[in-house]
Amino acid sequence: MRPKALYVETVIRTDLDTLWRHTQDPDLHRRWDLRFADISPLAGRDGHFRYASRFLRVTVTGVGVSAASRAWPDGSRTSVLRFASADPLSLISTGAGYWRYTPVGDGVRFVTGFDYGTRWGRFGRLADQVFRPAFGWMTAWSFDRLRLWLETGTPPEDQPLTAPSAARCVRTPPRDRIGVPA
């Protein structure tokens, strides 16, 4: 059975342009996102970037591209990306996802959905049974860290590690929630 794609949703009391800037600018993005130690644009390749993740003193690298972005008539925006790693230490081989920004009454609903393929065969699929939930938790924790930054003005570096909470984010897509129409 194929593992489920990851999904995280939160509402951030800010304007769409501010949220867009904090998620699309690599210098701002790496400050709040626990998943990345570095995000750097690739010179001469618009929309392409290199990323590095560190866990237990192990660094893995990969590349990504902002494949598309679109502003919708209802005022929402979507950003689509693809990513891959040739690093033999990376469980993730290739993946893709999106960020959706939807203005709501008191802010912006910020949603991500993404999925990836693994390497290392059967061992990789087994390792992903632990990694995928942890990666989803890290994504949700990071979204809440960003929310705290934009709502309170407290930079991520000044927030206690216990301030953000993955539990404040929705981690189930609407179609999978009981009582919510698809």
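Quick note: the coordinates plus some simple rules give every number you see, no bench work behind them. Because the structure is a prediction, the values reported are computed rather than measured. Neighbour counts run over all protein chains shown; Cβ positions are idealised from the backbone, glycine included.
Karplus-based coupling profile of segment 134-150, in residue order and whole Hz: 5, 5, x, 4, 4, 5, 5, 4, 5, 4, 5, 4, 5, 4, 4, 4, 6, with θ = phi - 60° in 6.51 cos²θ - 1.76 cosθ + 1.60 and x standing for Gly or Pro. Looking at segment 111-182, the trypsin sites (Lys or Arg not before Pro) that sit in a DSSP loop and have at most 12 other Cβ atoms within 10 Å of their own Cβ are ARG177.
By the scheme Lys and Arg +1, Asp and Glu -1, what is the net charge of all other residues having a beta-carbon under 15 Å from that of ARG122? Provide the component values of the computation, followed by the final result.
Numbers: positive: ARG2, ARG119, ARG125; negative: ASP128.
Residues near ARG122 contribute +2 overall.
For segment 16-26, putting each phi into the Karplus relation 6.51 cos²θ - 1.76 cosθ + 1.60 with θ = phi - 60° gives couplings of 4, 4, 5, 4, 4, 4, 6, 9, 9, 7, x Hz, in residue order, rounded to whole numbers and with x for Gly and Pro.
For segment 86-126, which semi-axes, largest first and in whole Å, follow from the square roots of 5 times the eigenvalues of its Cα gyration tensor?
Details: eigenvalues 222, 17, 9 Å².
They are 33, 9, 7 Å, listed largest first.
Less than 14 Å Cβ to Cβ from VAL60, Lys/Arg counted +1 and Asp/Glu -1: what total charge do the surrounding residues give? Show your work: numbers first, answer last.
Working: positive: ARG35, ARG50, ARG54, ARG57, ARG119; negative: ASP38, ASP87.
Spelling it out: positives minus negatives among the neighbours equals +3.
Note on segment 1-66 and segment 97-145: Cα centroid distance 11 Å, given to the nearest whole angstrom.
Taking the helices alone, the chain has a mean residue ellipticity at 222 nm of -8500 deg cm²/dmol, built from -39,500 (n - 2.57) per DSSP H run of at least 4 residues and averaged over all its residues.
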